[in-house]
Structures are given as structure tokens and as C-alpha cells.
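Some notes on the structure that comes next.
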Amino acid sequence: MSSPLTPEELLDLARQAAARAYAPYSGFPVGAALITDDGRVFQGANIENASYGLGCCAERTAVFHAVFAGAQDVRAIAVWAPRAAPCPPCGACRQVLVEWRPRDGDMDIILEGPDGVMVRSLESLIPLSFGPRNLETEG
């Protein structure tokens, strides 16, 4: 990850974000922190709803904050949950991350594993993904 933050620092920001989760139904708070191509950092936490399917995961909350602020490429995202190590993004979040993966490379997924910090590529979590590049037309 080429950023002013280390994976450990980004993971610490994800831990801080988890403290702001709204998870009264599952009791499973999750935090995420990402860094964009221009070095900005955005955090998110899961936000549940009494109508269960209407909640939003921490990763998507962070991505949506970044996009709303005008970000284009997400270079890395850290995800943390106090009750699960590691806590990888769900399938829906993986698909959203594909949308904001840098055009010139991949995205680092930073997790806390049983032996410390783990860094994986988005490609390793969702190989042969479908995204914006598949919809480009020539001409």
C-alpha cells in the first residue's frame, strides 16, 4: 500500500470506527477505514435497521462517504470487528469495492488475523469480478 498511513494505522482507524457502529440487533459492530488515491481517509461503521435487510455494512458506509466527497479510487480499506478476526468484507461489499478499485491496480484489504495484520488483494477475495471495465465500449 503506497500511502502515508501504514496498514496498522488504517486498521486502528477501523477499530475507532467500530465504536460508532449502530448494531443493536446483531450485537456485531464492525468498523472500516479506507484511503483514497489522493490520500484522504474515510471511516464507516455498520448501521443496522429494525427491518434487517435495510442496514448497511461498514465497508459500504466508508465507500459511500468517500464517493460523496468526490473520491474516485480506493487504494486500501481496513475492516475490523471486535468479535471476529479476521472480518473480511461480505459479498455485497466486495462487489461495491470492485466498483472503486483503482484503474491502475488493485486494492489492499487489511484485516486483523490471529497472528497480526493481514493484507490481501481485492482480486484474491473476488476473482474474475464484474465491474465498470466490463461495461466499457470501444469506439
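What the table below lists for this structure:
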| item | result |
| --- | --- |
| Answer label, with Cα Rg over 2.2 N^0.38 Å calculated from the coordinates and candidates [x] 0.94; [y] 1.01; [z] 1.19 | [y] |
| The range 39-51 - phi-based ³J(HN,Hα) in whole Hz, Karplus 6.51/-1.76/1.60, Gly and Pro as x | x, 6, 10, 10, 10, x, 9, 5, 10, 8, 9, 4, 8 |
| Residue order, fewest to most beta carbons within 10 Å, for Phe68, Phe28, Phe42 | Phe68, Phe28, Phe42 |
| Exposed-site-free run, longest, the chain (rule: GluC sites (Glu not before Pro); DSSP loop; at most 10 other C-beta within 10 Å) | 1-135 |
| Helix-only CD estimate at 222 nm, as mean residue ellipticity for the chain, using -39500 (n - 2.57) per DSSP H run (n ≥ 4) | -7500 deg cm²/dmol |
| Spherically averaged projected area in nm², based on the convex hull that wraps the Cα atoms of the range 60-139 | 6.2 nm² |
| Choice from Ser129, Ser51, Ser121 showing the highest fluctuation, given a GNM over the chain with Cα pairs closer than 10 Å | Ser51 |
| Added length on full extension, which subtracts the Cα-Cα distance from 0.36 nm per residue, Cys90 to Tyr52 | 12.1 nm |
| Fluctuation leader among Ala14, Ala33, Ala66 - the chain, Gaussian network, Cα springs under 10 angstrom | Ala66 |
| The range 7-133: relative contact order as a whole-number percent, Cα under 8 Å and 6+ apart | 22 percent |
| Mean Cα-pair separation over length for the range 4-69, i.e. relative contact order, pairs under 8 Å, 6 or more apart, % | 27 percent |
| Convex hull (Cα only) mean projected area of the range 32-99, reported in nm² to one decimal | 4.8 nm² |
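Taken together, the values in this text are just the output of simple stated rules run on the coordinates, not laboratory data. Remember, predicted model here, so these are calculated numbers, not experimental data. Glycine also receives a Cβ, built like all others from the backbone with ideal geometry; neighbour counts cover every protein chain displayed.
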